[in-house]
Each structure stands twice: as C-alpha cells, then as structure tokens.
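Here is the structure we will look at, set down as structure tokens.
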Amino acid sequence: MTFSGENLACLRGERIVFQNLGFELRPGGMLLLLGANGSGKSTLLRLCAGFLRPFAGRLLYDGADIFSQRAEHRSRICYTGHLDALKAVMSVSENLLFWTRLSGGDAQRLDEALDLFDLGGLADMPARFLSAGQRRRANLARLAMSRAPLWLLDEPTTALDKASCARLFGLMAAHRHAGGMIMVATHQEIEGADSAVLPLDDFSPVEAVF
C-alpha cells in the first residue's frame with residue numbers, strides 16, 4: 001500500500017502555485033505539509049482527496065491513478081478541512097453517525113470517539129451551540145470511527161487546547177502504528193516520530209504560460 005504524487009503542478013487562476021512536486025507515503029508514514037498561506041497546502045490535500053484534478057502530474061494509490069477509481073479512492077480517505085463538517089440542527093452524536101455511515105466507518109465506536117475527545121457530555125447537544133474548540137473536536141472525532149487508511153488533515157489543531165492536541169496526536173500515532181498513512185497541512189508543530197516534511201515554499205509561484 002503506497003500513496004504517491006509524481007511531477008504535480010497546481011494552477012490557480014493564471015498562476016502556477018507549485019510544480020514538479022512529488023512525494024511518497026507508505027504504511028505507518030506521515031507527511032507534514034509546511035509553507036506560508038497561499039503556498040498550496042490545502043489545495044494539495046484537496047488534490048489528494050480527488051476533489052480537484054492537478055494541472056499536471058499524477059496521484060497514485062498502489063500504482064493506480066486515483067482519478068481512474070474515484071469512488072474507491074473516496075472510501076480510502078478521511079478528509080478534514082478548514083470548515084467543521086457539522087450540521088447545525090443535528091446533535092454531536094447524530095453528526096458523527098451521519099458521516100460515519102456515509103463513509104463506511106465503524107458506528108460501534110461512537111462512545112469511544114466521544115470519550116476520546118471529551119465530548120460525552122455534549123453528545124445530545126445540537127452543533128449550533130458548540131464553541132469553536134468543541135466544533136473542532138467533534139469534527140476530528142470522525143477519525144476515531146474511520147476505517148480509511150489515508151487521513152488528510154488540514155490544520156487539525158486549530159482551536160484546540162493543549163489537552164485536545166495530545167488526544168489528537170495519540171490517535172494519529174495509533175493510526176500509524178496500525179499501518180495507516182497521514183498527510184497534514186499545518187502551521188503548528190505536530191507530534192509524530194519519523195515524520196517526513198514537504199516544504200511547499202520550495203515550489204514558488206510562477207506565471208503560467210499559455
């Protein structure tokens with residue numbers, strides 16, 4: 001099981017955000033995407049999720065282009081973006097069960113996920129009443145119920161306190177220990193042994209030529 005990118009380029013408007021970018025992830029690996037705002041970290045994650053197509057290059061899962069098997073690839077990933085994917089009128093538990101059933105996760109782990117992110121007392125609360133930190137924890141709790149081998153995390157520590165970060169890092173370590181793979185876009189320090197770093201600032205924007 002490997003996930004890799006070859007000679008990737010991203011086009012935004014009339015500018016190439018990055019080009020000639022490559023990486024490879026193997027079971028147990030974690031890749032940290034570093035760079036200033038606008039360097040393409042979030043965009044690279046969306047490419048890896050199959051939400052966007054690269055301007056050039058390929059994304060491969062076990063040697064097969066992800067865009068030749070998009071439905072299968074969606075079942076292999078758990079993606080968390082900048083926005084917390086919570087429906088305001090649904091409770092924390094209802095939101096978690098909704099996303100877990102949609103993605104083929106393990107609904108039997110609901111209580112474990114709630115406890116892990118200290119959400120047990122908020123299980124029945126509608127998401128519209130949650131604070132920013134509580135919303136982030138509820139969004140990340142989906143990871144604890146996911147069966148997906150590839151996690152794509154965009155600034156996962158935003159709005160988290162120190163204790164919540166520790167819980168998240170422990171969950172990430174357990175996922176890697178079980179053979180999972182993680183890509184993280186971040187501005188903050190992420191705990192993780194033997195993590196590789198992909199500095200997006202090394203792929204400076206240039207004018208696209210048409």
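The values are calculated or read from the model by the stated rules, or taken from the named source; none is laboratory data. Since the structure is predicted, the reported quantities are computational estimates derived from the model, not experimental observations. With ideal geometry, Cβ positions are generated from the backbone for all residues, glycine too; neighbour counts draw on all protein chains shown.
Pairs linking a residue in the stretch 17-32 that is over 15 Å from residue 184 (Cα atoms) to a residue that is in a strand (DSSP E or B) and hydroxyl-bearing (Ser, Thr, Tyr), with Cβ atoms under 9 Å and 6 or more positions apart or on different chains, are 22/4.
Per the listing 31, 47, the residue uniquely touching a Ser or Thr at 6+ places or on another chain (Cβ under 8 Å) and over 21 Å from residue 128 (Cα atoms) is 31. Applying the set (1) of a type outside the set (S, T, N, Q); (2) surrounded by fewer than 20 Cβ atoms within 10 Å (Cβ to Cβ); (3) in contact with a helix residue (DSSP H, G or I) (Cβ under 8 Å, 6 or more places away or on another chain) to residue 182 leaves exactly one unmet item: (2).
Residues in the stretch 55-94 that are of a type in the set (Lys, Arg) and in contact (Cβ under 8 Å) with a residue 24 or more places away in the chain were compared, and the one that is nearest to residue 20 (Cα to Cα) is 58.
Within the stretch 171-182, one or more residues are in contact (Cβ under 8 Å) with a residue 60 or more places away in the chain and in a strand (DSSP E or B). Sort through 15, 46 and tell me the only one that's of a type outside the set (Gly, Ala, Ser) and at pLDDT 90 or above. Selected residue: 46, the only one of 15, 46 that is of a type outside the set (Gly, Ala, Ser) and at pLDDT 90 or above.
Among residues of the stretch 18-44 being farther than 15 Å from residue 149 by Cα and of a type in the set (A, V, I, L, M, F, W, C), the one that is surrounded by the fewest Cβ atoms within 10 Å (Cβ to Cβ) is 36.
Annotation: residue 167 fulfils all but one of (1) over 21 Å from residue 77 (Cβ atoms); (2) in contact with a Gly (Cβ under 6 Å, 6 or more places away or on another chain); the unmet one is (2).
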